[in-house]
Amino acid sequence: GVETMTKALLYDATLCIGCKLCEQACAERNQLPYDEKIAAESVQSAHKFTVVLTRGDKFMRRLCMNCEDPTCVSVCPVGAFRKTADGPVIYDEDRCIGCRYCMLACPFGVPKYEWGKVLPRVRKCDMCADRVAAGRPTACTEVCPTGATKFGEHAELLQEAEQRLREHPERYVNHIFGVSEVGGTAVLLLSSVPFAEFGYRTDLMHEPLPLLTYRVLSRIPDLVALGGILLGGIWWITHRREQVAAAEAAKSKETSGKK
């Protein structure tokens, strides 16, 4: 279960007006571009960590759920992902070898890859880990004009979500998404329309996926050895690519110097 004192986000779609200020604040905090074209994009990507989706007059946010027991952490062979005590799941690009297991493993399809870059990173919302560590709310929460996204203690926000369901059952689907999905997440969602309509998976296990990962791997030791060999190969390819890129850069400098 979720420890007390971990931080969380509560997004209540019934309070959302689709202003997308959270998208803009997220882009600013992560030093990502944001303009009308990007605002119109309705998918998470390496340059857009949160998305406000619209269906008629209904809204929904997509962002990293910052799981309690994250699959991205459990499958990463080099420990590039880490769950912090505060709640955020953070990523260390210096450790990453570009194997992209995290992208395959995430039940919410969150981590994205910078395919267009020479030295690509995996990108995702990290729940503004630096701000949270400093006792500040996430950028998206701070800017929200209606309180649709709220930041606070996990236990308190969960109580609040339960209270809203109790007091206004007619307003909501009777479920807080993120309470039991994959063992619980740091993002809790309330909605008046089924979560599946906004692409949230409703077939998710109520136990952490990493348990399953371990259960499978422990039965097939050969796969682990093979995985090691494959990862060695991937590491070599990644670094080879860096060397090639460096060589190309040096070469183009030479040729431009000759003119």
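The values are calculated or read from the model by the stated rules, or taken from the named source; none is laboratory data. Quick caveat: nothing in here was measured; it's all calculated off a predicted structure. Heads up, the Cβs are rebuilt from the backbone with ideal geometry, glycines too, and the neighbour counts pull from every protein chain shown. The accessibility values were calculated without ligands, DNA or RNA, using every heavy atom of the protein model including side chains. Shrake-Rupley method; radii C 1.70, N 1.55, O 1.52, S 1.80 Å.
Closer than 17 Å to Cys102 by Cα, touching a Ser or Thr at 6+ places or on another chain (Cβ under 7 Å) and hydrophobic (A, V, I, L, M, F, W, C), is that true of Cys140?
Here the answer is no, as Cys140 does not meet what is asked.
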* Looking only at region 196-206, and only at residues there that are open to solvent by 40 Å² or more (accessible area, probe 1.4 Å) and of a type in the set (A, V, I, L, M), the one that is farthest from Val52 (Cα to Cα) -> Met205
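For region 15-38: of the residues being open to solvent by 70 Å² or more (accessible area, probe 1.4 Å) and either of a type outside the set (D, E, K, R) or part of a strand (DSSP E or B) (or both), which is nearest to Val89 (Cα to Cα)? Explain how you work it out, then say what you get.
Initial filter on region 15-38 (open to solvent by 70 Å² or more (accessible area, probe 1.4 Å)): 17, 24, 28, 31, 33, 35-37.
From what's left, either of a type outside the set (D, E, K, R) or part of a strand (DSSP E or B) (or both): 17, 24, 31, 33.
Numbers: Ile17: 28, Gln24: 21, Gln31: 19, Pro33: 23 Å.
If we take residues in region 15-38 being open to solvent by 70 Å² or more (accessible area, probe 1.4 Å) and either of a type outside the set (D, E, K, R) or part of a strand (DSSP E or B) (or both), then Gln31 is nearest to Val89 (Cα to Cα).
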* To do: With the condition kept exactly as written, say whether any residue in region 48-70 is assigned to a loop (DSSP other than H, G, I, E, B), in contact with a strand residue (DSSP E or B) (Cβ under 9 Å, 6 or more places away or on another chain), aliphatic (A, V, I, L, M) and open to solvent by less than 20 Å² (accessible area, probe 1.4 Å).
  => yes
* Conditions (1) of a type in the set (Val, Ile, Thr); (2) out of contact with any strand residue (DSSP E or B) (no Cβ under 7 Å at 6 or more places or on another chain); (3) surrounded by fewer than 18 Cβ atoms within 10 Å (Cβ to Cβ); number of the one not met by Val193 -> (2)
* Within the bounds of region 39-47, is there any residue that is within 22 Å of Pro120 (Cβ to Cβ), surrounded by fewer than 16 Cβ atoms within 10 Å (Cβ to Cβ), without any contact (Cβ under 8 Å) to a residue 60 or more places away in the chain and not aromatic (Phe, Trp, Tyr)? -> yes
* To do: Could you check region 82-190 for strands (runs of 3 or more DSSP E) lying wholly inside it with 3 or more residues that are open to solvent by 50 Å² or more (accessible area, probe 1.4 Å) and among the acidic types (Asp, Glu)?
  => none
* Within the set of pairs 6+ apart or on separate chains, which have a first residue in region 182-197 that is over 17 Å from Met127 (Cβ atoms), a second that is buried (at least 22 other Cβ atoms within 10 Å of the Cβ) and of a type in the set (Gly, Ala, Ser), and C-beta atoms under 6 Å apart? -> Leu190/Ala161; Ser191/Ala13
